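Notes follow once the structure below has been shown.
Computed from the coordinates by the stated procedures, all read-outs in this text should not be read as laboratory data. From a predicted model like this one, the values you see are computed outputs, not experimental measurements. We place every Cβ from the backbone using ideal geometry, glycine too, and count neighbours over all the protein chains shown.
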Amino acid sequence: MRYISLLLITALLSCSTQKPVIHNIQNTTYRELLQHNAKWQNTIQTLDGYARITLDTPQYSGNFSADVLLSGIDSLLISVAGPLGINVGKVFVAQKRFVFYNQVMNQFYTGSKADFKGRNFLQFPLEISQLRDVFIAQDKFNILKKERFEVRDNMYYLEAANGKFLYHIWFDPVYLLIKRIEYFDHDNLLFFKEYDNFKKINDVYFPMSVSFVRPAEKQGLAIFFTKLTINNPVKKGKFNIKVSDSAEQIDLSLKN
């Protein structure tokens, strides 16, 4: 299946970096791993990066580039360009509001998070509400009930549930961060994410390669950061979105 090629690309583009000493894999609890990952996510206050994107679905395959800008918990801007640097779309994610500028269709959408529920970002197999978690490599959980915790494939392996949702999580024994995570609705695998090529930037390790795959739909997305800064000051003006005067203005809150 074609989406598998995304994972192969990720592996081939991963480069070697100096790694810290592997932790004692037998003496770490699953609670410690989850707490460590939560602390790691909270450590990332700002992020400014440039990434190459490979998209592969039965309906569409292509290569894109993206500028990714994060400031705090309520400001994320992703600007995507296609071949030859042609701008195709921008999305701004705030704590309660979303802005989506489809530059191909020349349409400018605004609304709340609820208004954007179920809407995909361009041709990507991602709902707009999932963009932050995928591009910033975050997986946030509420209360998890442990089903299984063991050493598997020389990594920490956790199965945990939250209501009808089940998670299979592999933690890297070097960085103690999530390496792979599978999201289930009961026994149905919704999607999985893989994080590779961890690099230390401003004393924070971050996966320079991120893969998002929906196996049942044969849809995959691979993100490769080529430039990245973390926790450096970000000028507020960088979040401004210039919209064409001829763009169709669509307020989704008026339609729901």
Setting aside same-chain residues fewer than 8 positions from residue 242, which lysines have a Cα under 18 Å from its Cα? 90
Starting from the eigenvalues of the Cα gyration tensor, five times each then square-rooted, give me the equivalent ellipsoid semi-axes of segment 68-189, largest first, whole Å. 32, 17, 13
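Using the number of other C-beta atoms within 10 angstrom as an exposure proxy, rank 194, 217, 248 with the fewest first.
Details: 194 21, 217 14, 248 11.
Final ranking by Cβ density, sparse to dense: 248, 217, 194.
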Taking only the alpha-carbon atoms of the chain, the convex hull volume per residue, in cubic angstrom, is 142
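Set the Förster radius R0 to 25 Å, insert the Cβ-Cβ distance between residue 50 and residue 142 as r into 1/(1 + (r/R0)^6), and round the FRET efficiency to 0.05. List each step's numbers first, then the result.
Numbers: r = 33 Å, r/R0 = 1.31.
Once rounded, the FRET efficiency stands at 0.15.
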Least to most buried among 164, 117 (fewest other Cβ within 10 Å first): 164, 117
Zone of residue 253's modelled label, taken as backbone nitrogen in segment 68-101 under 19 Å from a point 7 Å along Cα→Cβ: 74-76, 91-101
Computed log₁₀ I(q)/I(0) - Debye formula, equal Cα scatterers, no solvent, segment 81-147, q 0.17, 0.25, 0.28 Å⁻¹: -0.68, -1.20, -1.35
Given Cα pairs under 8 Å that are at least 6 residues apart, what percent is the relative contact order of segment 166-246? 17
Relative contact order computed over the chain (Cα-Cα under 8 Å; 6+ residues apart), in percent: 23
Mean projection of the alpha-carbon convex hull of segment 187-256 over all orientations, in nm²? 9.4
What nm value, rounded to one decimal, do you get for the distance between residue 227 and residue 32 when each label is placed 7 Å out toward the C-beta? 4.0
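Most exposed first by the Cβ proxy, i.e. fewest other Cβ within 10 Å, how do 230, 143, 128, 250 rank?
Numbers: 230 20, 143 8, 128 24, 250 14.
Ordered by Cβ neighbours within 10 Å, fewest first: 143, 250, 230, 128.
Using only the Cα atoms, work out Rg/Rh for segment 117-225, with Rh taken as the Kirkwood radius, to two decimals.
Numbers: Rg = 14.3 Å, Rh = 14.8 Å.
Taking Rh as the inverse mean 1/r over Cα pairs, Rg/Rh reads 0.96.
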Estimated dipole of segment 99-160 in Debye, rounded to 20 [Cβ of Lys and Arg +1, of Asp and Glu -1, Cα centre]: 180
